[in-house]
Amino acid sequence: MTTVDIAVPVPARRPTPRESYLNVAHTVKSWALTTDHKRIGILYLVTTVFAMALGGVFALVLRTEHLSPGPTIVDAYTYNRLFTMHGIVMVWLFMIPSIPTAFGNFLLPIMIGAKDVAFPRLNLLSYYIYLLGSIWVLIALWAGGCDTGWTFYTPYSDHSPSAVVPTVFGIFILGWSTIITGVNFIVTTHTMRAKGLGWFRMPLFVWAMYGVSIIQTLATPVLAISLLVVGIDHWFDWGLFDPARGGDPVLYQHLFWFYSHPAVYIMILPAMGVIIEVVCTFSHKNPASYKAIAYSTLGIAFVGFATWGHHMFVAGISVFDAAAFGVLSMLVAIFSAIKVFTWVLTMRRGSVVVTTPMLYFFAFLFLFVFGGMTGVAVATQSLDVHWHDTYFVVAHFHFIMVGSTMTAWLAALHYWFPKITGRMYPERMGYVGATLVFSGFFMTFFPQFLLGNAGMPRRYYDYDPQFQPLHVVSTVGAWILGAAMIWTLTYLLVALFRGERAPANPWDSRSYEWLTPSPPPKHNFVREPVFARDPYDYTVPAEEVHA
Amino acid sequence: MNDLLLKILDLPPQASTYAFDVDLLHYFVIGTTMLGATFVFLLALWFLFMHRRRFPGETTQRLQTSVPAEILIIGGILSLFLLFWVVGASEYAHIQHPPDDAMPVYVTGKQWMWKFAYQDGRSDIDVLTVPVHRPVKLVMTSRDVIHSFYVPAFRMKQDVVPGRYYTAWFEAQQTGEFDIDCAEYCGVSHSRMLAKVRVLSQPDYARWLERPQTGDLAARGRDIAAKRGCLSCHTLDGQPHIGPSFAGLYDAPVRLSDGTIVTADVAYLTRSMMDPQVQIVDSYKPVMPTYRGILEEPEVAALVELIVSLKDQPIAPSVVLPRTQPLGSAQRLGEGPQPSAGEQPR
C-alpha cells in the first residue's frame, strides 16, 4: 500500500572502515573460538539454515510422494523414515534453536545494554554441543534413519528395525545445548541489565527470550530422561515402557508430552517476541499494552506446563483428566488471544508502513490466528476424538507452530538484517518472497484441514484415491514454498555482499539495538549506553530519543 | 443445511448416533472461531489502511488499552472458549461411557490387521459385522504396539494399547460399509491397516449369524492370506514387495542373510510364519511379526497349500519396484532381490 521512504532520519556520520564485530578479525579461529555473542549468533544462524534446508528437502520428498496414492517415488519404509527425520530435524535442529540462538544471542545483550551474555564461554560450548548433537542426528540418518515418528511412541520404538538409538542420543545431546542457552539467558536478563533499565522497560523481545528460557530449562530434562530410557529400552531390552516386559507405554506419552507441549511454546514464544518488535517499529507505536504482553508470556510459560494431556484424549486417560486438561488448554489459549489483540491494537492510530518484515507480520498474524483457532477447536474434547491423528492436526500445528515460527523467523531475518550485516536487503524482492512464502504455505496446509475432516489419518504412506485432488494441491503448494525459500535465501546472500550500506537505524525505530552502529562494534556500544527513554517511545522524533 | 455443511467441510456421513451431535458442535466451533479470526485479520488490515504512514519520521501519540477494555475482550473470549469446553467435555463423557445393554465385541489390533471376536465364539479378520440400531461395545487391546481404532463415519476413535483393555462404543444409524483406519503410527504397513465395519439390517444380521464356510484348501489359503494381511507384504505373482513373493517359492533354494542356502520346504514355510526373525531372506528387512498363536492350524495348512499351488506360477514381468534401502548408502547396492523364483518368505 503506502510506500513512504522510511530510510535515514539519522544524519549520516560514517567513518568509512569502522571497526565492527565482523571485521575485528578474519581468521577461521576467530570465528570458531569466538566468545562474542554476536558471532555465536551468526554461527547458529548459518547452522540452523542448513538444518532447515535438510528438513525442507525431506518435506518436499514427502509431499511429492503423495502426488498419487500408493508408491510414487519412495517405498513405505523410506517414507516412514523421511517423515520421522523431517520432524526431528525441523523441531530440534531448526525451530527450537532458530530464533533464540541466532537472534536471541545476537540481540539480547544489546537490548539490555550489556557487553555480552553472562557466560560467554558456556555460550560457545552450547553451540558446539548443538553442532555435536546435529552431527549425531546426521550419523543416525546415515545409519538408515529412524522410523518411529518424531514422538518415539513406545512400544513401537522399542522394537523398530531402524536407527532409534543414535537418533534419540543425538536429541539427548541437543537438549544440553538448549538448557545451557536457557540458563545463560536467564542469568543475563537478571544480572546484566544496564543501569536504570527496569524489568518493565526491557524490549518485549527480551521478555520472550526470558519466558522461553524458563520453559526450556525446566522441560528439556524430562525429555532427555525419557528419550534416554527409550534408547536403553531399545538397546538393552529394559522394558520400562514395553508392556511385554511389564512397562507402561502410556507413561511414556505423559513424559513425552510433558516436554513436548511446552516445546510448542519454546518454538512460538520467540516468534511472538519478534512480532511485537516488528509491529511496534513499523507502526511507530508503543505496544497497546506492554504488561499484557509481558504477563501473558509468563502465563504461557507456566500454564503451558499443565496442558499436555490434550494430546492424549483418545490414549485412554480418564474422563476427569481429559476434562481438566481440556479446560487448562482453553486457558492457555486465552494468553495467546491477549497477545493477538495487543499486536493488532498496537497498529491503531499508529503510523504503519509496509515493508517485508511487516508483510511477514501479516502472514504470521493470519497463520497464527487461524491456526490458533483450529487449536481451540481440537482442544474441544469431543471434536478431538474425530480429528486426533488426522491431517487436521497436521495442518493445525503446521499453521500455528511451523508457519508462525517460520514467518516470524523470516521477519526477524529481514528486520535485523541491516543490524547484523550492515547491509540493506532488496525490498521489492522481499515483497515477492514474502508473498510466495505465504501463498505456498497456505496452499500446502489449507487442503490438509479438509483431508483431516474427511478422515485421512496422518503418517499414511498410501491413501484412498478419493483424497488425491487435495493432496495434489497441497504438494504443489509445497513446491511453491520451497521455491520461495530458495528465492529469499538467494537474494539475502547477494545482499550480504552487494547490498547498500545500512545506517545505524534504518527503520527509524526507538528500540535499543538501533542505538548502536550497524554492524555493532565488538563490545556492542561505542559509548556506555544510556537508556533514558522507553524502547517504544514514538511521541518524539528518533534524534531526541537517541540523543 | 446439515448436508450442505457436511459437503463444505468434507466430512464423512454421520453413521453413528452421536455423530450428528459432534458435528453440530463442530459447525458451531469452526463457525465462531473462523468468524473471529476473520474479524481480527480484517481489523488489522483496516488499521493498516487507516493509519498508514503519511510522512517519514512521523510520530504518534502514546496510547494504552484501558484495563476495562482488556477485561471485556478477555472475558468475552474466555466465556466462548469455556462454552466450547462444557459442551465438548460432556459429549466426550457420553462417547466414553458405553450403555449397559451394549453388545460386546472383542477387538485386537495387530501389525497390520484388526481381529474381531464375537460373543458366540466366532471371529473375523478386518471385517466387523454389526446390526444397525443396536449399541455395540468394543473391548479393545493390542497384541504388539499401539494402534488406534478409527471409524471416521462414526466420529469415533480409540487407541488400543498392548497390555491394557479399553472400551469404546457406537450405535450405527444406517446400514452400509464404513472404513476402519489405524490412526496411530504402527510401522511399515500402517497405512494398509484398514478394515471395514459392515452394518447390516436386523434380518440380514440374523442371516449372517448362520453363515456357512466352503471352498477347497488352496482357495481358502488365498482368502486367509488376504484376511490375515499376508498379501500386504507378499505378492502372489512373483514380484518382490516388503517380503518375498509366494510364487515359485515352494521347494526352491533360498539364500539367507547369513549366506546359507536352504530349501523352502514345508518345515521352512511354517517356521517362517511362527518365528519369522530366525531365518531372514537375504536383503529383506526383518519387519515381519510372528504369527504364533494367531494362525490356527487349519489356516497354516491352507496357507502352505496355497504356496505349494503357486510352485509353477508364471512370474509376472519384471518391473523396478522401490526398494527398501537406508537413507544413507549403508546397504550394498546391486544385491537387491531379483524378481525371480527362489525367493523365500521369512
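The values are calculated or read from the model by the stated rules, or taken from the named source; none is laboratory data. All figures in this text were calculated on a predicted structure; none of them were measured in a lab. When we count neighbours, we look across all protein chains shown, and the Cβ atoms used for this are built from the backbone with ideal geometry, even at glycine.
Residues of the stretch A:315-360 that are closer than 21 Å to A:TYR252 by Cα, in contact with an Asp or Glu (Cβ under 7 Å, 6 or more places away or on another chain) and not hydrophobic (A, V, I, L, M, F, W, C): A:GLY316 alone. A:GLY247 satisfies every condition listed in (1) assigned to a helix (DSSP H, G or I); (2) over 26 Å from A:HIS386 (Cα atoms); (3) over 23 Å from the mean Cα position of the chain (by Cα); (4) not charged (D, E, K, R) except (1). Restricted to the stretch B:47-67, and to residues there that are of a type outside the set (A, V, I, L, M) and assigned to a helix (DSSP H, G or I), the residue that is nearest to the other protein chains (Cβ to nearest Cβ) is B:PHE47. Within the stretch A:264-289, being touching a Lys or Arg at 6+ places or on another chain (Cβ under 9 Å) and either of a type in the set (Phe, Trp, Tyr) or assigned to a loop (DSSP other than H, G, I, E, B) (or both) holds for A:PHE282, A:HIS284, A:LYS285, A:ASN286, A:ALA288. Close Cβ contacts (under 6 Å, 6 or more residues apart or on different chains) running from residues in the stretch B:70-97 that are farther than 29 Å from B:PRO135 by Cα to residues that are modelled with pLDDT of 95 or more and not in a helix (DSSP H, G or I) are absent. Going by what's in this entry, would A:VAL314 be described as in contact (Cβ under 8 Å) with a residue 60 or more places away in the chain, outside any helix (DSSP H, G or I) and either surrounded by fewer than 24 Cβ atoms within 10 Å (Cβ to Cβ) or within 14 Å of another protein chain (Cβ to nearest Cβ) (or both)? When the stated conditions are applied, A:VAL314 passes them.
It is to be established whether one or more residues within the stretch B:68-84 are under 23 Å from the mean Cα position of the chain (by Cα), more than 30 Å from A:ALA542 (Cβ to Cβ) and within 12 Å of chain A (Cβ to nearest Cβ).
Of the stretch B:68-84, the ones under 23 Å from the mean Cα position of the chain (by Cα) are none.
No, the stretch B:68-84 contains no residue that is under 23 Å from the mean Cα position of the chain (by Cα), more than 30 Å from A:ALA542 (Cβ to Cβ) and within 12 Å of chain A (Cβ to nearest Cβ).
Scanning the stretch B:142-168 for residues that are free of Cβ contacts under 8 Å to residues at least 60 places away in the same chain and facing another protein chain (nearest Cβ under 7 Å) returns B:VAL145, B:ILE146, B:SER148, B:TYR150, B:LYS157, B:GLN158, B:ASP159, B:VAL161, B:PRO162, B:GLY163, B:ARG164, B:TYR166.
Right, A:TRP479: buried (at least 21 other Cβ atoms within 10 Å of the Cβ) and of a type outside the set (Val, Ile, Thr) or not?
Working: buried (at least 21 other Cβ atoms within 10 Å of the Cβ): no; of a type outside the set (Val, Ile, Thr): yes.
Answer is no for this residue.
Just checking, which of A:LEU93, A:LEU22 is at pLDDT 95 or above and either touching a Gly at 6+ places or on another chain (Cβ under 8 Å) or part of a helix (DSSP H, G or I) (or both)? It is A:LEU93.
If you check A:GLU500, A:GLU528, A:GLU513 for being away from chain B (no Cβ under 14 Å) and buried (at least 21 other Cβ atoms within 10 Å of the Cβ), only one passes: A:GLU513.
So which residues in the stretch B:243-267 are surrounded by 19 or more Cβ atoms within 10 Å (Cβ to Cβ) and out of contact with any helix residue (DSSP H, G or I) (no Cβ under 7 Å at 6 or more places or on another chain)? Within the stretch B:243-267, B:GLY243, B:PRO244, B:SER245, B:ALA247, B:GLY248, B:VAL254, B:ALA264 meet the criteria.
Each row is one residue, and each column tells you yes or no for (1) among the charged types (D, E, K, R); (2) surrounded by fewer than 24 Cβ atoms within 10 Å (Cβ to Cβ); (3) not in a strand (DSSP E or B).
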residue	(1), (2), (3)
A:TYR360	no, no, yes
A:PHE366	no, yes, yes
A:THR374	no, no, yes
A:ALA434	no, no, yes
A:THR444	no, no, yes
A:ARG459	yes, yes, yes
A:PHE467	no, yes, yes
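Pick from the stretch A:137-151 the residues that are under 16 Å from A:VAL91 (Cβ atoms) and either assigned to a helix (DSSP H, G or I) or not hydrophobic (A, V, I, L, M, F, W, C) (or both): which of them is farthest from the other protein chains (Cβ to nearest Cβ)? If you could, list the steps in order and put the result at the bottom.
Restricting attention to the stretch A:137-151, the residues satisfying the condition of being under 16 Å from A:VAL91 (Cβ atoms) are A:137-138, A:140-141, A:145-146, A:148-151.
Retained after the next criterion (residues that are either assigned to a helix (DSSP H, G or I) or not hydrophobic (A, V, I, L, M, F, W, C) (or both)): A:137-138, A:140-141, A:145, A:148-149, A:151.
Details: A:VAL137: 12, A:LEU138: 9, A:ALA140: 10, A:LEU141: 6, A:GLY145: 5, A:THR148: 8, A:GLY149: 5, A:THR151: 8 Å.
The residue in question is A:VAL137.
Does B:VAL197 qualify as being within 12 Å of chain A (Cβ to nearest Cβ) and either at pLDDT below 95 or closer than 20 Å to B:THR17 by Cα (or both)? Taking the combined requirement at face value, the residue does not satisfy it. Against the list (1) buried (at least 18 other Cβ atoms within 10 Å of the Cβ); (2) modelled with pLDDT of 85 or more; (3) not hydroxyl-bearing (Ser, Thr, Tyr), the condition B:ALA302 fails is (2). For A:HIS86, indicate whether it is in contact with a Ser or Thr (Cβ under 8 Å, 6 or more places away or on another chain) and over 30 Å from A:LYS419 (Cα atoms). Answer is no for this residue. Look at A:PHE417 and say whether it is over 19 Å from A:LEU62 (Cα atoms) and aromatic (Phe, Trp, Tyr). When the stated conditions are applied, A:PHE417 passes them.
Identify all residues within the stretch A:275-286 that are crowded, with 24+ Cβ neighbours inside 10 Å, within 9 Å of chain B (Cβ to nearest Cβ) and on the phi < 0 side of the Ramachandran plot; write none if there are none.
Narrowing the stretch A:275-286 to residues crowded, with 24+ Cβ neighbours inside 10 Å: A:275-285.
With the extra rule that they be within 9 Å of chain B (Cβ to nearest Cβ), the set shrinks to A:282-285.
If the condition is that a residue be crowded, with 24+ Cβ neighbours inside 10 Å, within 9 Å of chain B (Cβ to nearest Cβ) and on the phi < 0 side of the Ramachandran plot, then A:PHE282, A:SER283, A:LYS285 are the ones that fit.
Count, please, the residues in the stretch A:507-547 that happen to be outside any loop (DSSP other than H, G, I, E, B) and of a type in the set (Phe, Trp, Tyr). Show your work before the answer.
Initially, the stretch A:507-547 is screened for residues outside any loop (DSSP other than H, G, I, E, B), giving A:512-515, A:542-545.
With the extra rule that they be of a type in the set (Phe, Trp, Tyr), the set shrinks to A:512, A:514.
So the answer is 2.
In the set (1) more than 14 Å from chain B (Cβ to nearest Cβ); (2) under 19 Å from the mean Cα position of the chain (by Cα), A:ARG39 fails one condition alone, (2).
Summed over the stretch B:245-288, the residues that are in contact with a Ser or Thr (Cβ under 9 Å, 6 or more places away or on another chain) and either of a type in the set (Ser, Thr, Tyr) or assigned to a loop (DSSP other than H, G, I, E, B) (or both) give a count of 22.
Just to verify a result, which residue in the stretch A:23-66, among those that are free of Cβ contacts under 8 Å to residues at least 60 places away in the same chain and over 30 Å from A:GLU513 (Cα atoms), is surrounded by the fewest Cβ atoms within 10 Å (Cβ to Cβ)? Only one residue tops the list, namely A:VAL57.
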